[in-house]
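What follows is a set of notes on a single structure, which appears directly below.
The values are calculated or read from the model by the stated rules, or taken from the named source; none is laboratory data. Everything numeric here is computed off the predicted structure, so don't read it as measured data. Methodologically, a virtual Cβ is constructed for each residue, glycine included, from the backbone with ideal geometry; neighbour enumeration extends over all protein chains shown.
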């Protein structure tokens, strides 16, 4: 049996797997479960890598698990550069593992994609997580038409990730907290006659038009060769695209078997796949707790759990506002019981500083950290593991906000965020923002901001007044929680000592820390020379989503500097050239 697979008996969610279908992997027939992603189907066969980089031919597989990093690319039915973690398998799929990128040998013959008829709504909401769902409902209940756009097959975002309908769980409430409340919200949105849901729809650009904005979107399965293209117009926009894991580089972090914490949870909650049999979990923040819960739920052994901040730092942070987290006491007690039952003993003030192995992770080195997160010499310990999951907070998906010229600021954790007023209005008229986009603060804050943003967007369109005193109070409370969370789990500057000159900083372009350092020195000699152009950091497939923030920290004295250019991407998601060739001259 594959070390990644998990059989249904004993699974707390009791999934109902359908009859296997046949696909092929490099010409070999493979039985897959309907509803599985390509990544899950490959991992169920025992594979943890299926691509090589174009430079050093390093092996790659799943890393982020949510489509941000592009490490897991495969060829599907002849179409290259398909993100395995995003593409759902279809019977008869021919999967081919993908070598490093090569220049084409002949001119392509693809015809321009036929654009679908444009859709128009009074309010368009981008993202169907906790913030997007409440925003759509609040706007619709104010009396306006709403288009709810999301790249996923189902609503819920990363927080409320569900099993595919093809093997829906008998006990879905066992997979996540707050399930009943989510189901009620999901069903209200689905039934509302003023809300049109546009699933599997990825927004790749936004442009200003008369009386609003136009969103250019691709429709259909992720990265498929025959996706449709359509325009979606809105007089007001609510941006709620969420965030992705922040992973700090350390020696060996590019080995297969190193995953973001979110990837481990996405595979467990959304596919019932464990990333390994013996897993080490490291990072900072309470998100490590539900990830541990998800891992043991699919049969993995959590061999170690390491929180980088000391117990003193955590206690001091939460004591800054001791009553703000009282509603989480029951949830925390549940996690404490889970850890005790599975004999998981979290260690504070420790982290993973290196991963070891030939073609995949075989062991990790952990070390005790000082107050600034510098490893204390002589405390290193090595643990056997076949997977390591790491997460040091989150980075907001800012591309669409930046493309609409929204001003940025520093969020509660010091990371980049969109500046909004008390109505979630950004600096761009008619564009509102909610959720992690405005600062990392958790699902409750995101949902409260969504209610305010949706009602305010509707008011922008109609000129009516909306009374949302309770929602504003919930936002204020949520921001207090976010501030305490940031104080309890800060990212300290000493992490820069976890890497050396051979450590890759940019995984896509294989730029090492030494190369980045030399490029930064050259830039000081040649003012105005772009660090991207001189080192190629951030110019790969992920367009800097994984590396840009870390690269800025490594080359800037201010680790929390908000650098707008890091997120300035005219095309926000992958688009094939034929989709850019627009046959409709009037658009």
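Structural remarks
- Residue that is nearest to residue 37 (Cα to Cα), among those in region 247-280 that are touching a helix residue (DSSP H, G or I) at 6+ places or on another chain (Cβ under 6 Å) and not in a loop (DSSP other than H, G, I, E, B): 271
- Selection of region 220-234 for residues being over 15 Å from residue 81 (Cβ atoms) and either without any contact (Cβ under 8 Å) to a residue 60 or more places away in the chain or not in a strand (DSSP E or B) (or both) yields only 220.
- Restricting region 201-226 to residues that are in contact with a helix residue (DSSP H, G or I) (Cβ under 8 Å, 6 or more places away or on another chain) and crowded, with 23+ Cβ neighbours inside 10 Å, the residue that is nearest to residue 36 (Cα to Cα): 218
- The lone criterion from (1) touching a strand residue (DSSP E or B) at 6+ places or on another chain (Cβ under 9 Å); (2) closer than 21 Å to residue 72 by Cα left unmet by residue 268 is number (1).
- Check on residue 332, assigned by TED's automatic domain parsing to the domain that holds residue 256, part of a helix (DSSP H, G or I) and surrounded by fewer than 23 Cβ atoms within 10 Å (Cβ to Cβ): yes
- Checking residue 338 against (1) in a strand (DSSP E or B); (2) within 17 Å of residue 281 (Cα to Cα); (3) in contact with a helix residue (DSSP H, G or I) (Cβ under 9 Å, 6 or more places away or on another chain), the condition it does not meet: (1)
- Candidate set: region 172-198, residues that are within 14 Å of residue 290 (Cβ to Cβ) and touching a residue at least 24 places away in the same chain (Cβ under 8 Å); chosen: the one surrounded by the fewest Cβ atoms within 10 Å (Cβ to Cβ): 174
- Filtering region 172-219 to residues that are more than 20 Å from the chain's Cα centre (by Cα) and part of a loop (DSSP other than H, G, I, E, B) leaves 178, 192, 193, 194, 210, 211.
- Flag for residue 92 being modelled with pLDDT of 95 or more and either within 20 Å of the chain's Cα centre (by Cα) or surrounded by 13 or more Cβ atoms within 10 Å (Cβ to Cβ) (or both): no
- Against the list (1) over 17 Å from the mean Cα position of the chain (by Cα); (2) within 22 Å of residue 69 (Cα to Cα); (3) assigned to a strand (DSSP E or B), the condition residue 395 fails is (1).
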